[in-house]
Every structure is written in C-alpha cells, then in structure tokens.
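Accompanying notes for the structure given below.
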Amino acid sequence: MKRFIGFVRKEFFHIMRDRRTAAILFGMPILQLLLFGFAIRNEITEVRTGILDLSHDVVTQELTDKIFSSGTFVASGVLNNGKETGPAFASGKMNEVVVFESGFAGNLQRDGTAQMQVITDGSDPNVSRIITGYTESVVREFLVEKAESTGTAQGVEAVPVMMFNSALKSVYLFVPGLMAMILMLVSALMTSISITREKESGTMELLLVSSLKPVQVIIGKVVPYLLLSFVNVITVLALAFLVFGVPCRGSIALLLGESLLFIMTALSLGILISSITNSQQVAMMISLAGLLMPTVLLSGFIFPITSMPLPLQVISNIIPARWYLVIVRGIMLKGAGIGVLWQETLVLVFMSLLFMTVSVRKFSERLQ
Amino acid sequence: MNPAVTTENLSKRFGKVEALRGISFCVPEAELFGLIGADGAGKTTLFRILATLILPDAGNASLLGLDTVKSYRAIRTRIGYMPGRFSLYQDLSVEENLNFFATVFGTTVKENYELIRDIYVQLEPFRSRRAGQLSGGMKQKLALCCALVHRPELLLLDEPTTGVDAVSRQEFWQMLGRLKQQGITILVSTPYMDEASLCDRVAFLQEGRVLAIDTPTGITTLFRKPLFAVRSRDKHRLITKLRTYEHAASVFAFGDSVHYTDLRQSPEPHELKAWLKTEGFDDAEAEPVKPGIEDTFMALMESGESPEENS
C-alpha cells in the first residue's frame, strides 16, 4: 500500500510540475463551458420581422401587436406586396415575414380559420425552424386569449410543447455533451500520454524492474486522473448552475456516480491505447481521432442519433459517450432515476470491465 | 559459493540483426565484471536480458541462482539496474526521485542510507533541484543511488559513465570499488578502455560474441606482436606514412603517440627510426612498449575472431 501511495504521489507531482498540462486540465473545462454557453447559442433573441398585411382589419392589427409585444420579434418594416419579400431577405433587413391573407378577420369569423403565412430564411434551417415555432406559438396564444374573451368554443387543438427545455435553451443541451467530451479528453488522452511518456523516457524500464505489479502501475496511473476528472465534473456542473442556471432535476449523487463510472470507462480506454503504442504522439493521435471525434460527432451531442444514417447509428452504440449522454440528460433535464437508466449504466459498466481486463492482460511485464 | 551470474549460449535477434550470438560467461559473487565493446556490440541487449526485461531466443541465464525467465519476479527485487539512457523522472527533484524508488521497492532512504551515503553526500547540495537540470555526472550518481536504494545483491550498470567528465568518471569508479567491498556483485559495461583496467575481469564483446574474458593484465598477454610507441611532431602525417611501411601490421593513434605493430617477430626500433628519417621525420622516436588493454582490444577486433579458437 505504501508503494502504491508513493506511486500516486509521484503522478501528482508530474501533473502539477507541468504547468501547461495543469492549465489545460483545469482551464479547458471552464473555457469550453463558457464558450459553448455564451458564444455558440442556438436560441434566437432578435427576429427581424416584416409584416405583409393584405387584409388591414382589426384582427390582423391585434395579432401584429401581439407578435411584437413578445419581445422576441422586432418590427422591421411593412411590406406592400409579395415581390418585396425576396430583396428584404437578401439585404438581411428581415429574417421573417408574416403574411396575412386578404379578408383575414372575415374568414376567421365565418369559417373559424384564416390563412397566414410565415416566411423564413431557409438557408439557415435550424434558425428558421425555431422562428417558425415561436411565431406559431404566439399566434396560438393569441387565438386562445381571443376565444376566452369572446367565449366562443374553438374545438380541440393539439398544441406541441417542448418539455424539459421549454425555452429551448441550447446550453441545457451542451452541458451533458460537454461533460462527456471533457471527461473523455482528460481521462483517456491524459492517461494514455502519461503512460507512453514513461515508455519513451525509459522510466517504464525501471518501473518494470521494480517489484511493482502491472495492476499497481495501472491503478496508480488511474487514481490521480480519476480525482482530477471528478473535480472537472463538479466544476462544470457548478458553473452550469451558477452562470447559466442549468438545473439538475434528478439526484446529484446519482449524476456524480454515473460520471465516475464514465470516467472509469474513459480511463480504461486510455490505458488500452497506451498498451497498444509506445509513443506519446501515436497515443495522442489515437485519443483525438479515435475517441474525441466520435464523442463529439456520433454520440448525439451535436447531431441527433435518430437522424443519422443506419450504419452510423449502429456505430454510435459502441461509443461510451452516447450512453453517458442519455444518462446525464435523463438525470439533469428529466429528473430520471436509476430505474429508468439502468440499461445505459450496465452498458458503461460492461465497457469499463472489458477495456480494463484487456489492458491489464496486454500490459507487458517486459519490453517488447 | 554460487556464481552471481551465469549465462549459457545466450542468443537474441531483432529481425535480421543478430544482437547476441551465443554469449556464455560466469561471474562469481562480489566481482567487478566489465563488459567492453563498441556501440552495437550487444551490451545493452545483454543487460536487458539479465534484467529480465527481454527474453532470449536461445540459451539461458541465471542471476543469484534464479532463472531470468522463470523467476523474473524474484530477481527484480534483488537486483539494481541502471539503464544506458538516463531514465529518472526529470521533472522530479533529486530527493523525490530517490524517495520514489525507495518506496516502490518497499523501503526507505533512511534504511539504506549507509550504502548510498558516499554518493549521496555529493548530491546533497542539489537535493531540491530537478533531476533534468543536473550535470551529466550528477545524473549518473543519482541514477546509481536510485539503483542502490533497495540494497540489491547485484548491480547491472549499462554504460554508467558515458558522457560523463573525467573527474566524475574517476569518482564513479571509486564508488564501484567501495560497493564491491561490501559484497555487491557488479556488472558494468563501458566503451572506455581505461576503465576496463579497473575491473576484476573483463569480457570483450563484438557483434554479439565474446572475444575474450580475462583479468585486465591477463588479457594483454593475448597480444603477442611487438609493439612500439612512435612519436613525432606531425602525428597525423606520421600515421598515414607508417601505414605505408612494408612491415606495418597496424597503426593506431594512442594518446600523444602512435602505437605501431610490426609484422616481424623481432624488429629493431632503430631500423624503423632510420626509415622514418628517410621519409622526413627528423624528430621521430620509437621505443618498444608493453601492450595495454586498448591495444589488445584493437588487435582482437582486427582479427575479428576469438584468439582462443585461433591458437
């Protein structure tokens, strides 16, 4: 045990002595969270809206007022005919045009329905989808208020509501993905580099000749990074809550526990990488290209898995971050418990055990 | 008394390169045994096999009566190994390195301080300096300390004095002498011939073979040709000229003189001097000298095969 503690202490010395690494370890999570939270936002705060009113009646006027009173939409001019729409979008003056058909109020009175058109800039599909959604909800709200005030029955209507993230705040989505990414980076990349560094500098030769067992060397390498990664998890969660108000609706203990599990998976992957190669360079390349890229692209962090082509969907199953993401989103946003997430948890447990076993087996007690 | 190290017909190849071709030798306890050979002679491979780090393709070796393949775990705790390349943690201080290797072997620096004291007192002023910032000689002394800190019965030192200044080399060898007196068997390799004479016995290695094993004085008796030390102001031209002499067997620069071997059994030095005068070396001096280890090694390398097989 004393040997083991001595070994772990030495690892901490390495991490702390190397200022740049330490800065990356602790600075990166904070920087990335702030970047994702502030700079890369998907929600729309200012929709420049033009009105093309072919009806000019009381209802269209009320509806127009309603739209601009929400704060999201900014009145950017009135159009007189449909031909003006194109240039308005092209010049960037507007990114939404609302068109009311002629005789809008009359149609609504008589048939209970009236046509309005929402034109958005399709060159940015994500933005236009969100704008359309906002506009629809404003109109729907308007109709409900109107029905209540006039007392006329409007029939049943299906109203889509975004649950768990009703404001569609992108930072809610980024936090879980970011945690997966940071943990993968810190745990897998750093451990694989630190083990291959010993191989490169020749100190592994001395460690082997010492009476340390392979398991002791591996666990000694794992423990410091396990602690560091855990600190990172807490930092990211605290920042997300304090700066962006991201809630954790489920049990924090469960979230931390699952994070520890994911860290273990990532660490065992890191060790596996270092047992394959003897050079820091190669270890870094494998970690970045083989682990980080799939974690970002295939885990559902940025692109939804359901919209991927089938082969990629199949591949995404072997990416640990995919399962971790489901767990974190489940706990933080939906308040889910272990009863719901046990399958994903088991997948991670299985992966960790598999990688660990393989790397302990592959860890050579001699030089190749 | 059991020998500390025995190897029998050790062979190892890396791809097409035959690093070791049947190495056999035996080192008794408390001997200072030197392995002499040029780069690529197989010294490092031999050390790694003995340190249980790589497996031999053929043959076997045993350390302290234990087989290097079967009992590698037991061997590892009882030997001290110092690899050829400086292999300590450069970002840790002198003290931290030493403490680390002590704890890894389940001991403390205090416990074995007696053994490393002579060496450690020289390092003491730099105890909080990072190992990477030490001078070459200091690094090697620290590495020796780290290899000694668990009180091994056998030391394997792979070129410990390469790249170290002359004074530090001398100090290093004095330490090895003291360790030997404490009963520690030492296997040391070196490319420096002057260090060979400080060993109890030496083995000449070339291309994975043992050319000769003997005591430093014994080994010079293998050199049987007449040897002269020739001096002149223009040493460089002297070497070139001597090589064209009809009776020349070999000509090597040796310190401030040139060592010249004659093909004939009993040549006369004044004959050589006269010839040099006709070639324009007015100040040339030639006197017969006793062959040293370097002369012997050069001669053995030249012939390229074991002299024992020859005679």
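Computed from the C-alpha gyration tensor, the three semi-axes of the ellipsoid equivalent to chain A are 56, 20, 17 Å, from longest to shortest. Ordering A:L297, B:Q182, A:G37 by Cα displacement along the dipole of the protein assembly as shown toward the positive end leaves B:Q182 in first place; charges were set at the Cβ atoms of Lys, Arg (+1) and Asp, Glu (-1).
Here the ratio of the Cα radius of gyration of the stretch B:163-311 to 2.2 N^0.38 Å is 1.21.
Please compute, for peptide B:75-83, the average count of beta-carbon atoms on other protein chains lying within 10 Å of each residue's beta-carbon.
Taking all residues of B:75-83 together, the mean is 3.
Shown are B:S303, B:S71, whose ranking by accessible area with a 1.4 Å probe and every protein chain present, most to least, is B:S303, B:S71. Within the stretch A:47-163, the percentage of alpha carbon pairs spaced more than 22 angstrom apart rounds to 34%.
Under the definition of Cα pairs under 8 Å and six or more residues apart, what whole-number percent is the relative contact order of the stretch A:304-368?
Working: 22 pairs, mean separation 16.0, N = 65.
Normalised by residue count, the contact order of the stretch A:304-368 is 25 percent.
Restricting attention to the stretch B:124-249, lysine pairs at least eight places apart or on different chains and with alpha-carbon atoms under 23 angstrom apart total 4.
Using the Cβ-Cβ distance between A:M28 and A:I315 with R0 = 35 Å, the FRET efficiency computed as 1/(1 + (r/R0)^6) comes to roughly 0.85. Computed with every protein chain present, the accessible area of A:S70 is close to 60 Å² [probe 1.4 Å].
Per residue, chain B exposes 45 Å² of accessible surface when a 1.4 Å probe is rolled over the protein heavy atoms with every protein chain present. Overall dimensions of the protein assembly as shown, expressed as equivalent-ellipsoid semi-axes from the Cα gyration tensor (√(5λ), whole Å, largest first), are 81, 29, 21. Would you check chain A for Lys pairs whose C-alpha atoms are within less than 20 Å, ignoring same-chain pairs closer than 8 in sequence, and give me the count? So the count of such lysine pairs works out to 15. Within straight-line reach of B:K277, meaning a Cα separation under 17 Å, sit the following aspartates and glutamates at least 8 residues removed in sequence or on another chain: B:D234, B:E246, B:E268, B:E285, B:E287.
Ordered by 1.4 Å accessible area with all protein chains kept, A:T21, A:T135, B:T240 run largest first as B:T240, A:T21, A:T135. Taking the longest Cα principal axis of chain B as reference, the axis of helix B:94-104 is set at about 60 degrees.
Tell me the carbon and sulfur percent of the accessible area for the stretch A:47-163, rounded to whole percent, probe radius 1.4 Å. It is 54 percent, rounded to a whole number. Each DSSP beta bridge with both residues in the protein assembly as shown is either parallel or antiparallel, and the antiparallel ones are about 60%.
Over all orientations, the stretch A:260-346 has a Cα convex hull whose mean projected area works out to 6.4 square nanometres.
Taking the square roots of five times each eigenvalue of the Cα gyration tensor of chain B, the equivalent ellipsoid has semi-axes of 41, 24, 16 Å, listed largest first.
Looking at chain A, send over the antiparallel percent of its DSSP beta bridges, to the nearest 5. Don't skip to the end; give the middle numbers.
Details: 5 of 15 bridges.
Of those bridges, close to 35 percent are antiparallel.
Annotation: B:R117 carries an accessible surface of approximately 100 Å², with a 1.4 Å probe and no ligand, DNA or RNA atoms counted. Taking every protein chain into account, the accessible area of the stretch A:47-163 amounts to 58 square angstrom per residue (probe 1.4 Å). Legend: helices of chain A (whole DSSP H runs) are marked when their alpha-carbon atoms reach 18 angstrom or more along the helix axis and their mean Kyte-Doolittle hydropathy is at least -1.0; marked are A:2-17, A:19-34, A:125-150, A:170-183, A:214-244, A:252-276, A:338-362.
The values are calculated or read from the model by the stated rules, or taken from the named source; none is laboratory data. Everything numeric in this text was worked out from a predicted model, so none of it was measured. All Cβ positions, even for glycine, are placed from backbone atoms using ideal geometry, and neighbour counts span all protein chains on display. When the accessible area is computed, the model is the full protein with side chains, heavy atoms only, and any ligands, DNA or RNA have been set aside. Shrake-Rupley method; radii C 1.70, N 1.55, O 1.52, S 1.80 Å.
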